[in-house]
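Each reported figure results from applying straightforward, stated rules to the coordinates on display, with no laboratory input. All values derive from a computational prediction rather than experimental measurement. FYI the Cβ positions are ideal-geometry reconstructions off the backbone, even for glycines, and counts take in every protein chain you see.
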Amino acid sequence: MLEALQYIYTPQVINGLSIGVAVILMALGLTIIFGLLDVINMSHGEFYAAGAFISVTLMAMGISFWLCLLLVPLLLIPIGFAMERLLIQKVFHYKDRHILTLLLTFGVAMVLEDAYKIIWGANPIKPSAPISGASEFLGVMFPNYRLFLMGFGAILIFCVWAVIYKTQIGAIVRAAAYDKEMSSSLGIPVMRVYALTFAFGIALAGLAGVLLAPIYSVFPTMGRDFILMAFSVVIVGGLGSIKGAVVAGLLLTQLQSISSLFISPVWSDPLVFSVMVLVLMFKPAGLYGGMKNA
Amino acid sequence: MLNTKARAIRLVELVLLGSAAALFIVGTYLGDTFFLRLATESLIFGGLALSVDLLLGVVGLLSLGQALYFGFGAYLSALILKELASSFALAILIVTIASAILGWVASFIALRSKGVYFALITFGLAQVAAKVVYNTRSLGASDGMMGVPILQIWTPFGLIDTSHPGIFFLICLLTISILYGILKYFLSTPTGSLWLAIQSNENRLAYIGYKSKGPKQVAFILAAVVAAVSGALYPMLRGFVSPELMFFSVSGNAVVTVVLGGVGTLIGPILGSVLLTSFKSVIGTWTSHHHIVIGLIFVAIVISAPKGLIGLIVTRMNKVDAKKEEGKHE
């Protein structure tokens, strides 16, 4: 019994955690963008892929992985800013902007995915892990990189939470989400806050891409497989809620990784989805309300 | 006199029907296969887009997983034709009934949510179904199913061989027209009015004494049936089905088609499908990266003309009318 716990469950839980951290980073971007702009970013998975592809290219140019962790988000911020300003702002005044922005970002996803195929080809690229080796933990060996991923991700998630809830910048963002007109009459440049928040969310997705590239391979449709999980996390947690994204992210990835011990991994996706449906049936707004309720 | 939108829809209907007739006559006369099969394909995917438009344009529900029902219809029809009997009527009948049941069951899950939640739930449902089919060996897993026999359709005038591209084009034209007709009929009924009311303001429906749940469910089931019957035609044209039919790209493409043609017009999706399918075929001859071009066009349309091509025609007609009015006054 104890041995089963040690050799079967612990590795699965740790693996689930390292994926969970990355999923939460993705979901945080989605949920912040939705919480503030009411935009479902269908191209989020493609920006995750963008992060991975850019890091692969930068590393091929001889730039170290650690510098990539800094450079990729910095490169993606202006792209996200421009996308919000030039595209999303254009349909923002329509009544059905929920659907229009969703369609718009969907179109962007289509373009990006094909662009990756043209630039990097359709074959998977597998970058080597920046930290090699493995450490023993509770008598089981774990790849060092996964342990690093968990630690780094956890710090990052904490930083995002601290920025949103403990700094003045975060207060501005929350104010803009709560009441757009009032914030703007108090002198907050709401439109710029929108664009910057969008860019911030995109940068988080890109960062998740950089972090996961050494674990999964890098290929043009990599975002698509990942986005369903991220969407499920955001829905279960409550669109716009940071706490919800973290809790639901841990919950769903653990469910996925532990259930795959008992059932074929093929069925763990339907299982995760059924949990999402169940949550929606009893709590239609997710486990936690939106950013506005904070 | 009809209003401008209705006139624009009538115009597009006539143009599409006229070009279909012209294509059939010229195509059959010249013994063409390529264009007739291309037109058949655009009709099939037009049917799928039609179902998306019923939900999005009429009831105001964005479905990102309509490929689920399309793929369901395609697989079921392939199974019936291969294993049960090579009968068109039987395949369509069973697909209609089965997809109505599937839609009814799925409606309980999907309609619990509204707005973006609905979009994400339908997206998730289809994604899960696609994964299951992709991994089910008895359905051919990632290879799909091949070797669907060519149909012989019985009619009072003798057997019809669907391997003839012109004949099968006519059959598809008829099927999709019937589906279109049914949806148009529904729009003229009280249920149709309730759909439009739900689209403009669902909360206020209760004030005039109606529940929104029933009409929404009817629309959802109808959309599932329309998508599935269109899907049922696919293996008859191609002779195979593959799990790609359920993938998100198919659902997404249907949404693109609807937005291109004109949301809420029902004929717009057919027009959009004809244009998009021909465009893909033309552009596919010199590059395999047609998504990038279609994506760019799509983004441009969402930004500059959210009402699609029919919207552009309506604007045009209004301008012409205004000029006529001016002329009268002078």
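Are there DSSP H segments in chain B that both extend 24 Å or more along their axis (alpha-carbon positions) and score a mean Kyte-Doolittle hydropathy of at least -0.5? List them, or say none.
B:4-30, B:34-53, B:88-110, B:115-134, B:165-188, B:213-238, B:267-284, B:308-329
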- request: Evaluate the relative contact order of segment A:22-125 (contact order divided by residue number), counting alpha-carbon pairs under 8 angstrom at least 6 apart; express in whole percent.
  value: 35
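Which semi-axis lengths, in whole Å and largest first, follow from the square roots of five times the eigenvalues of the Cα gyration tensor of segment A:193-294? Let's see the in-between values first.
Numbers: eigenvalues 106, 93, 20 Å².
Each semi-axis is √(5λ); the values are 23, 22, 10 Å.
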statement: Inter-chain shielding metric for A:232-245, i.e. average beta-carbon neighbours from other chains within 10 angstrom, reads 1
statement: Once amide hydrogens are built 1.01 Å from N within the peptide plane, the residues lying 5 or more places from A:Val218 or on another chain with amide H under 5 Å from its amide H are A:Ile125, A:Lys126
message: What are the ³J(HN,Hα) couplings of segment A:117-123, residue after residue, when phi is run through the Karplus curve with 6.51, -1.76, 1.60 and θ = phi - 60°? Round to Hz, x for glycine and proline.
response: 4, 6, 6, 10, x, 8, 7
task: Would you look at the GNM of chain B, springs on alpha carbons closer than 10 Å, and say which of B:Leu50, B:Leu30, B:Leu266 moves the most?
output: B:Leu30
task: Sort the following peptides by mean Cβ neighbour count (other Cβ atoms within 10 Å, averaged over residues), highest first: B:201-213, B:77-89.
output: B:77-89, B:201-213
- prompt: Where does helix A:265-282 land angle-wise versus the long Cα axis of chain A, in degrees 0 to 90, nearest 10?
  reply: 40
- request: Please build a GNM for chain B, connecting alpha carbons under 10 Å apart, and tell me which residue among B:Gly103, B:Gly46, B:Gly214 fluctuates the most.
  value: B:Gly214
query: For the pair B:Ala6 and A:Tyr178, what calculated FRET efficiency results from E = 1/(1 + (r/R0)^6), where r is the Cβ-Cβ distance and R0 = 30 Å, to the nearest 0.05?
result: 0.10
message: Given the -39500 (n - 2.57) contribution per DSSP H run of 4+ residues, what per-residue ellipticity at 222 nm results for chain A, rounded to the nearest 500 deg cm²/dmol?
response: -24500 deg cm²/dmol
- line: Relative contact order of segment B:4-322 (C-alpha contacts under 8 Å, at least 6 apart) in percent is 35
Gain in span if fully extended, A:Val140 to A:Leu71, counting 0.36 nm per residue against the direct Cα distance: 21.4 nm
Per-residue average of Cβ from other chains inside 10 Å of A:261-273: 3
- prompt: For the pair A:Ile155 and A:Ser274, how long in nm is the line joining their label points, each one 7 Å along Cα→Cβ?
  reply: 4.0
- request: Report, please, the projected area of chain B averaged over directions, based on the convex hull of its C-alpha atoms, in nm².
  value: 20.0
Label zone at B:Gln217, where the point sits 7 Å out along the Cα-to-Cβ direction: segment B:78-112 residues whose backbone N lies under 20 Å: B:96-112
- prompt: In the Gaussian network model of chain B, springs joining C-alpha atoms below 10 Å, which of B:Gly166, B:Gly60, B:Gly239 carries the largest mean-square fluctuation?
  reply: B:Gly239
task: Can you bin segment B:48-190 into rounded, prolate or oblate? Criterion: square roots of the alpha carbon gyration tensor eigenvalues sorted a ≥ b ≥ c, rounded for a/c under 1.5, prolate for a/b above b/c, oblate for the rest.
output: oblate
- line: Inter-chain shielding metric for A:77-90, i.e. average beta-carbon neighbours from other chains within 10 angstrom, reads 1
